[in-house]
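Here the structure comes first, spelled out in structure tokens, and everything after it is commentary.
The values are calculated or read from the model by the stated rules, or taken from the named source; none is laboratory data. What you see is a predicted model; the values in this text were computed from it and never measured. Methodologically, a virtual Cβ is constructed for each residue, glycine included, from the backbone with ideal geometry; neighbour enumeration extends over all protein chains shown. Calculation scope for accessible area: heavy atoms of the full protein, side chains included, ligands and nucleic acids excluded. Shrake-Rupley method; radii C 1.70, N 1.55, O 1.52, S 1.80 Å.
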Amino acid sequence: MSEKTLKGRCIVEGETEGEAIVTKDPISFMGTVNPKTGVIIERKHEIEGSCLKGKILVFPHSKGSTGGSYMLYDAVKNCVGPVGIINRAAESVVTIGAIVAELPMVDQVDISQIKTGDYVYLNATEGVVRVVSK
Amino acid sequence: MRLSDEEQRMLDGVYGEMTRKNMKVLVTLGKIFGAERMIKINNVHTPGVSYRVTGDAGLNYVKEASQSVKFKIPATLNTIGIDYENWENVGFPAEFSNKQMELCECYKKMGAITTNTCTPYFVGSVPSFGEHIAWGESSAIVFANSVLGARTNREGGPTALAAAITGRVPEYGLHLDENRKGTHLIRVEKQPETDKDYAVLGYFAGLLVGQDIPVFEGIKSRPSIENLKALGAALASSGAAALFHMIGITPEASRKSDVVRSNVDAVMFGQDEHDRVCEKFYLTGAIDFVVLGCPHTSIIEIRDIAKMIAGKKIKTGLWVCASRQVKSLADTMGYSKMITDAGGEIICDTCPVLCATLTERKYQTVATNSGKMAHYAPGLWNMQPLLLDTSDCIKSAVSGEWRG
């Protein structure tokens, strides 16, 4: 067990916690993720086949279709979406989805410090990410 | 953020709860991205109009708005999930179609113009150079910023809705001069000629720049509007770019020094870089489905397709996707009949990226001239994509296969 604290910028306020799922690939909630199951469906995506349900999703930034805002909102409403988002540089499409879904979100975080399977306590309001590695 | 008296009244709820809520979304977004004020706009293109994108969550969000507000400014609608007038024949499920029509009615009730297309610029919504707008649809955003020189960020469904309700967007990102300069210089050695070539170049650039701004240098012959549409759609699929510049061609890039710092290193786009993108979208063997019109075709594209396919019979499925307005002109010109006589379908209002479903057609392979379609086909519909020139797409439709 080791623990570290990372600093970021608040995008959407709130506190949450969960296991981290981390990718270096950008994500489009239209096309990368199935909003009915929360599973990554984009071929050859680094985390293809993984499920986002209940996870803290860590990725550099969103990409692709502007349909992604409602699709993130839909995934969260369907209870299969992530419970929090950590970005390197927030892009507008996922930011807009997180605002309407009231999903705690931060950016300007050194995401290379977080590994899939780490347990993350996210205080988005304060911009504080506490990472517990196994 | 400094708000005008009118904007503050919207935020204070003077014009009702729904206006307050939507102004709050814009203020929140503006604060995140450092906007100092709101800008008045007069042109919205709304994404998030396909029920497959909104799901019930988005449908309820839009429906709630439609019960108490009207749009303050003109707003066109993006591609929906069905062919509105022909969904039963195309084979879209009734349950989905009914939800889709309900969603469309909600937008219409608020005052939206039901263009149902990803190419609003082909049906009369053409913002002028320097005009501030709020557009969704990743490919249309790139077109508006890059080809027309209008100014929009990448608006998602909820902010486009909020912009239509309030007539405002927060002033940040691409609304500001200082954020419209190129970040990456791409020296184009392998000269693009066809829509496919432009899609390949766009796809390459999207992977390279992420959410930044590529500048293309060295393109020798002037691309068509359709070429630029193909490039932008691919660029915004592999990445999150909203703007590109092409030196000597796009309106903000008369000279290299206008758009890029002199010390930026150039990245080469040659035959190898071209081939590496093509390898991602390549197969040989049976072709089940051919898609043209992603983004929706112009009247010129549909004319060219009609001429190529006239008098032939195809063995594959073929969707030529167009706005209803372009199809109407194609009907008048006889192009539609040439395509349908050959066995193709002209699909309006929707497309294979945003439609309800394609799974019961059991297509396993798709040939297309679109980088966007090739990008989304495997994940969305489990189809292996083959990226070809338009003329080769027609050849594969006629022969039912691609032998390379």
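Exposed loop sites here are GluC sites (Glu not before Pro) assigned a DSSP state other than H, G, I, E or B and surrounded by at most 15 other beta carbons within 10 Å; excluding them, the longest clear run of chain B is B:194-404.
Heavy-atom accessible area for B:Lys372, with the other protein chains in place and a 1.4 Å probe, reaches approximately 20 Å².
Over chain A, the reciprocal of the mean inverse Cα-Cα separation, the Kirkwood hydrodynamic radius, stands at 14.1 Å. Legend: calculated FRET efficiency, B:Ser68 to B:Asn179, from the Cβ-Cβ distance at R0 = 35 Å, rounded to 0.05, equals 0.50.
Normalised by residue number, the volume inside the convex hull of the Cα atoms of the range B:1-125 is 115 Å³ per residue. Heavy-atom accessible area, probed at 1.4 angstrom with all protein chains present, ranks B:Arg361, B:Arg151 as B:Arg361, B:Arg151, highest first.
Counting only protein heavy atoms and a 1.4 Å probe, tell me what percentage of the protein assembly as shown's accessible area is made up of carbon and sulfur. Here it works out to 48 percent. Helical content of chain B, expressed as a calculated mean residue ellipticity at 222 nm, amounts to -12500 deg cm²/dmol (DSSP H runs of 4 or more residues, -39,500 (n - 2.57) each, divided by residue number, nearest 500). Take every DSSP beta bridge whose two residues both sit in the protein assembly as shown; close to 40 percent of them are antiparallel.
Averaged over the residues of peptide A:52-65, the number of Cβ atoms from other protein chains lying within 10 Å of each residue's Cβ is 4. In this view, the solvent-accessible surface of B:Cys294, computed with a 1.4 Å probe and all protein chains in place, comes to about 20 Å². Relative to the globular-protein estimate of 2.2 N^0.38 Å, the Cα radius of gyration of the range B:85-215 stands at 1.27. The chymotrypsin sites (Phe, Trp or Tyr not before Pro) found in the range B:115-177 that occupy coil by DSSP, while having at most 13 further C-beta atoms within 10 Å, are B:Phe129. Label-to-label distance for B:Phe129 and A:Arg43 is 4.2 nm, based on points extended 7 Å past Cα in the beta-carbon direction.
Given q = 0.17, 0.19, 0.22 Å⁻¹, what are the Debye log10 I(q)/I(0) values for the range B:192-301, with equal point scatterers placed on the Cα positions and solvent ignored? Summing over Cα pairs of the range B:192-301 leads to -0.86, -1.06, -1.38. Taking all protein chains as they are arranged and a probe of 1.4 Å, the heavy atoms of B:Leu243 leave approximately 0 Å² accessible to solvent.
The alpha carbons of chain B occupy a box of 65, 57, 36 Å along the principal axes, longest dimension given first.
May I ask what percent, to the nearest 5, of DSSP beta bridges between residues of the range A:3-132 are antiparallel? Counting only bridges with both partners in the range A:3-132, antiparallel ones make up about 65 percent. With the cut-off at under 14 Å, measuring from each backbone N in the range A:88-118 to a point 7 Å along the Cα-to-Cβ line of B:Asp212 picks out A:89. For the range B:5-177, the relative contact order works out to 33 percent when only alpha carbon pairs closer than 8 Å and six or more residues apart are counted. Quick one: of A:Lys44/B:Lys31; A:Lys24/B:Lys280; A:Lys36/B:Lys72, which pairs are farther than 26 Å apart, Cα to Cα? Where the Cα-Cα span goes over 26 Å, the pairs concerned are A:Lys44/B:Lys31; A:Lys36/B:Lys72. Determine the distance separating the Cα centre of the range A:8-69 from the Cα centre of the range B:85-162; give it in Å without decimals. Taking the Cα centre of each part, the range A:8-69 and the range B:85-162 sit 25 Å apart. Using 0.36 nm per residue and subtracting the Cα-Cα separation, the extra length available between B:Lys312 and B:Ser224 on full extension is 29.0 nm. Total buried accessible area between A and B, probe 1.4 Å, nearest 100: 2900 Å².
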